[in-house]
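What follows is a single structure, written as structure tokens, with notes after it.
The values are calculated or read from the model by the stated rules, or taken from the named source; none is laboratory data. Just so we're clear, the structure is a prediction, and the values are computed from it rather than from any experiment. Because the Cβ atoms are built from the backbone with ideal geometry, glycine has one as well, and the counts that use them run over all protein chains shown. What goes into the accessible areas is simple: the full protein's heavy atoms, side chains included, and nothing from ligands, DNA or RNA. Shrake-Rupley method; radii C 1.70, N 1.55, O 1.52, S 1.80 Å.
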Amino acid sequence: MNPSCLQYRLTPDEKNQFETQGYLIIENSLSAEQIAQLTIATDAIFDRKLSEGHGANSNLFYPNLLPDDPQFQNLVDYERLLPKVWELLGWNIYLYHAHAIITPSNGEPPHKRTFGWHQDSGRVNQEIECHPRPRLSLKVAYFLSDASEPGRGNFWILPGSHLQDEISLPEGCIGQPEGAIPVCVKPGTAVLFDRRLWHTASPNWSSITRKVLFYGYSYRWLRTKDNMTVQHLWADASPIRRQMLGAGVNCNGFFSPTDEDVPLRVWLREHSPTEAK
Ligand SMILES: O=C(O)CCC(=O)C(=O)O
């Protein structure tokens, strides 16, 4: 990890935005070249799925993204975003799942049906006994397509809802919760969001296929949420990327890590000691 990545640490305003609103938008996170290469890799997945019988107008949720292409692997420890992630979660972290969601034009006229509002992590929300629910993880969503206008399969959020265990949904499943907004962003934008932020996908009424890559970071003691068949990548990965890809010395080290388990902490001790605690 090049120490120049430290220039991308959270500013006080960014930290405040994430803590109070539960999300943060970082424009121009990817270069035009990165967007182009990642789009080629994402299109290749969609084309393969079409050839396997996936419907051209059906949304594609594609988990275990990383093995498909080195371009996807390069975002695991991406210098522009990883410093923000470790500042929010600390150093005992890894990538616990990563998926692409491709939303082709769904060809429907706009309608007012309530979308699928949720917090991430499924049963965690019922089975952990505390209020507010613990943060545990966050996602970085990299937008490859232009979602700068509503109606383009936007990611929708309810800003500031991350400390609420419940939200009120409109009566009769018509409309969205009060205060909800579509996240309107250009290609190359990264959106970080707390897993507790109430959010949802939405239909795509435009002619632009929506393409987004979601990278979920959590603590090393939480198990993976997709198959994450990335162990073959460990040998050639840098120490910090290896940590992000789930490597560790032994099981106890996921809970009580030694330096060998967490190269990120070793690196921080040298380059940003206050964050190594
Ligand atoms: O596709 C979307 O915009 C929403 C994705 C989502 O809910 C998630 O990754 O947790």
Can you tell me which of PRO159, PRO83 is assigned to a loop (DSSP other than H, G, I, E, B) and either surrounded by fewer than 22 Cβ atoms within 10 Å (Cβ to Cβ) or of a type outside the set (D, E, K, R) (or both)? PRO159
Under 8 Å between Cβ atoms, at least 6 apart or on separate chains: pull out the pairs that start in segment 250-277 with a residue that is among the polar types (S, T, N, Q) and end on any residue that is part of a helix (DSSP H, G or I). SER272/LEU6
It is to be established whether one or more residues within segment 247-267 are among the aromatic types (Phe, Trp, Tyr) and in contact with a Lys or Arg (Cβ under 7 Å, 6 or more places away or on another chain). yes
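Which of the residues spanning segment 1-59 are among the β-branched types (Val, Ile, Thr), under 30 Å from GLU275 (Cα atoms) and in contact with a strand residue (DSSP E or B) (Cβ under 6 Å, 6 or more places away or on another chain)? Steps first, please.
Taking segment 1-59 and keeping what is among the β-branched types (Val, Ile, Thr), we get 11, 20, 25-26, 35, 39-40, 42, 45.
When the remaining residues are screened for being under 30 Å from GLU275 (Cα atoms), the result is 11, 20, 25-26.
Matches in segment 1-59: ILE25, ILE26.
Taking into account only those residues within segment 241-256 that are open to solvent by 30 Å² or more (accessible area, probe 1.4 Å) and within 25 Å of the chain's Cα centre (by Cα), which is nearest to ARG223 (Cα to Cα)? Don't jump to the end; show me each part of the working.
Residues of segment 241-256 open to solvent by 30 Å² or more (accessible area, probe 1.4 Å): 241-242, 248-252, 254-256.
Going one step further and asking which of them are within 25 Å of the chain's Cα centre (by Cα), we end up with 241-242, 248, 254-255.
Values: ARG241: 17, ARG242: 16, GLY248: 13, PHE254: 10, PHE255: 12 Å.
In this case the residue turns out to be PHE254.
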I'd like to check which helices (runs of 4 or more DSSP H) are fully inside segment 1-80 and have at least 1 residues that are closer than 18 Å to ILE102 by Cα and open to solvent by 60 Å² or more (accessible area, probe 1.4 Å). 32-51
Among the numbered criteria (1) closer than 18 Å to ASN64 by Cβ; (2) touching a strand residue (DSSP E or B) at 6+ places or on another chain (Cβ under 9 Å); (3) assigned to a loop (DSSP other than H, G, I, E, B), which single criterion is violated by GLY122? (2)
